[in-house]
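Report on the following structure.
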Amino acid sequence: MHPELATAEAPPLAASTFGRLSAHRAARRPEVLRSFRERAVRVIGHELGGLPATTWLAVDVALVAVAVYVAYGVFPPAVLSDVAHIALWQAGAIFAFVVSVASLVFGLYERETLMSRSRIVTRMVLTTAAAVVCAYAIIHVLMYSTVGRRLVVLAMGLYLSAGTGIRLFAWWALHRMRRGLLVVGSRALFQSIERTCARGDLPEYVLAGFAAAGRPVADRPADPSFRGNIADLVDQVPQRGITDIVVGAGAAHDPNVMDWVVPCLQHGCRVTNEAIFYEKATGQILVDEITPHWFLFADLKVHCDRQATLKRAFDLLASVTLFCATAPLWALIALAVKLCDGGPVFYSQDRVGQNGRIFRLYKFRTMRTDAENGRSVWSSPNDPRVTPVGRVLRKTRFDELPQLYNVLIGQMSLIGPRPERPDIVQELCRRVPYYAERHLVKPGITGWAQISFHYGSSIEDAKRKLQFDLYYLKHMSFELDMIILFRTLGTFLRGAC
């Protein structure tokens, strides 16, 4: 070919190729941007939804500090006044403290709060209102000082707006891009997670079905949720919107498990076993799926001397304080119970304590005197055996006050699994796996299961509560005890049972 011809023909070819590449990139750009936005929203929602309570607490303290600083700049305290105004640092410290306590009491840091817009708004308003009342009480009654009303309105208004806005954004991010969940190797596990999703306990996930762990499938199950072999689905994971994969216990022990786990991880999927998934997603341990090996690797702190000493010291201090604070109520409650039906004021019953020891538990009587007639009967939320006065006592939890005596003498703790009657425990130990292990710690007046689940009235309810008790056994700490205590106080103030 002549050199001039070759030179003349080259530019159109290069221009044509460049044009096609540019058009291809232009066509892909919206898809790439959309994918980036979706991934960013998913990451933001996942991170905000997984933030611990301490981080949210730090965020609220920072918001309050900034709000008080701005309010002092807009409405500076009057120099000439009959009553001294508190300084900026004092106001910031007081309002940060009362907001922190009120937010813990009203459950502002509970995971369920971020899952509902109504809960976010309601609990933010309750927290702010309670914080203002408590702050005024501290400033006027204890410090004999004052603070400007306009200053407080502006500061708390800024905190309420910013705190609610951040949480509503977290709610939007969590619900904007729900995570696709694929179960591998266990149809029973898939059905269990399906029931959990139906109860609303996993609102950030959408089930993508279940898959077999082995390569060959002789008989494909007649189930629309079945997706085939996981080894054959690896390349389809991004297209199906799957972001999380939960592996059943049997599939996890497959020697070829890494052949498909690593490719799934390379596609950006989170791969966990069933125990870890349930623990992180729901705050409970899946009883049906754990094995005795779980207790070997859970690193339970039930016999830690430092933990036990700190817990006992707190129990003594708190029980004495609560007894002194509620002492005036005891006479009124006793009078109300006596006038209701003329029966005894107190009710005692054998319960199973730490390491299976039997002790006598005391309560204010809330049921009729012929409620059981010598046999144990499950209680229910609307139990007809409960007296009118007893219904109020149960709703406010005042019927539990005599158990402070059990805490003082060391039979119970403020925080722990709820003690049950010996005959019921025997039945549950036969029918519910690992039920006896909940007695590794002292029973409590309140606990993780009590604030996370309603009154148990069946074997299935007892199993659900055990899952929360096992979670507490694994994660028990002073911080978790404080969270449970504040949430219990919030339950009392909200009038829930």
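The values are calculated or read from the model by the stated rules, or taken from the named source; none is laboratory data. Model, not experiment: these values are computed from the prediction. Here the Cβ positions follow ideal geometry from the backbone for every residue, glycine too, while neighbour counts run over all protein chains shown.
Data for the structure
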read-out: Test set (1) under 20 Å from ILE484 (Cβ atoms); (2) aromatic (Phe, Trp, Tyr); (3) not assigned by TED's automatic domain parsing to the domain that holds ARG438 - PHE323 fails condition number; value: (3)
read-out: Selection from the range 253-285 of residues that are more than 27 Å from the chain's Cα centre (by Cα), closer than 30 Å to TYR434 by Cα and of a type in the set (A, V, I, L, M); value: VAL257
read-out: Every pair of residues 6+ apart whose Cβ atoms lie under 9 Å, when the first sits in the range 245-260 and is under 22 Å from ALA281 (Cβ atoms) while the second is part of a helix (DSSP H, G or I) and among the hydroxyl-bearing types (Ser, Thr, Tyr); value: VAL246/TYR278
read-out: Every residue from the range 268-317 that is among the polar types (S, T, N, Q) and out of contact with any Ser or Thr (no Cβ under 8 Å at 6 or more places or on another chain); value: THR272, ASN273, THR291, THR309
read-out: Failed criterion for CYS269 (all others in (1) modelled with pLDDT of 90 or more; (2) in contact with a Leu (Cβ under 9 Å, 6 or more places away or on another chain) hold); value: (1)
read-out: Qualifying residues in the range 463-497 (those that are of a type outside the set (Ser, Thr, Tyr) and farther than 27 Å from CYS304 by Cα) - the one modelled with the lowest pLDDT; value: CYS497
read-out: Enumeration of residues in the range 394-441 that are of a type in the set (Gly, Ala, Ser), more than 22 Å from ASP288 (Cα to Cα) and surrounded by fewer than 22 Cβ atoms within 10 Å (Cβ to Cβ); value: GLY410
read-out: Tally of residues being hydrophobic (A, V, I, L, M, F, W, C), surrounded by 14 or more Cβ atoms within 10 Å (Cβ to Cβ) and within 15 Å of TYR471 (Cα to Cα) across the range 291-326; value: 5
read-out: Entirely in the range 216-288, the helices (runs of 4 or more DSSP H) that have 1 or more residues that are of a type in the set (Val, Ile, Thr) and surrounded by fewer than 17 Cβ atoms within 10 Å (Cβ to Cβ); value: 258-266, 274-282
read-out: Filtered residues of the range 372-407 (kept if within 19 Å of GLY343 (Cβ to Cβ), modelled with pLDDT under 70 and among the hydrophobic types (A, V, I, L, M, F, W, C)); value: VAL377
read-out: Filter result for the condition that a residue is in contact (Cβ under 8 Å) with a residue 40 or more places away in the chain and either over 21 Å from the mean Cα position of the chain (by Cα) or not assigned by TED's automatic domain parsing to the domain that holds GLY73 (or both), over VAL184, VAL141; value: VAL184
read-out: Checking VAL147 against (1) surrounded by 16 or more Cβ atoms within 10 Å (Cβ to Cβ); (2) aliphatic (A, V, I, L, M); (3) without any contact (Cβ under 8 Å) to a residue 60 or more places away in the chain, the condition it does not meet; value: (3)
read-out: From the options ALA102, ALA137, ALA162, residue that is under 16 Å from LEU63 (Cα atoms), small (Gly, Ala, Ser), out of contact with any Ser or Thr (no Cβ under 7 Å at 6 or more places or on another chain) and modelled with pLDDT of 85 or more; value: ALA162
read-out: Single match in THR113, THR127 (criterion: under 16 Å from LEU174 (Cβ atoms), not assigned by TED's automatic domain parsing to the domain that holds LEU202 and not small (Gly, Ala, Ser)); value: THR113
read-out: Residue tally, condition surrounded by fewer than 22 Cβ atoms within 10 Å (Cβ to Cβ) and assigned to a strand (DSSP E or B), over the range 180-215; value: 6
read-out: Members of the range 448-469 that are in contact with a Leu (Cβ under 9 Å, 6 or more places away or on another chain) and crowded, with 17+ Cβ neighbours inside 10 Å; value: TRP448, ALA449, ALA462, LYS463, LEU466, GLN467
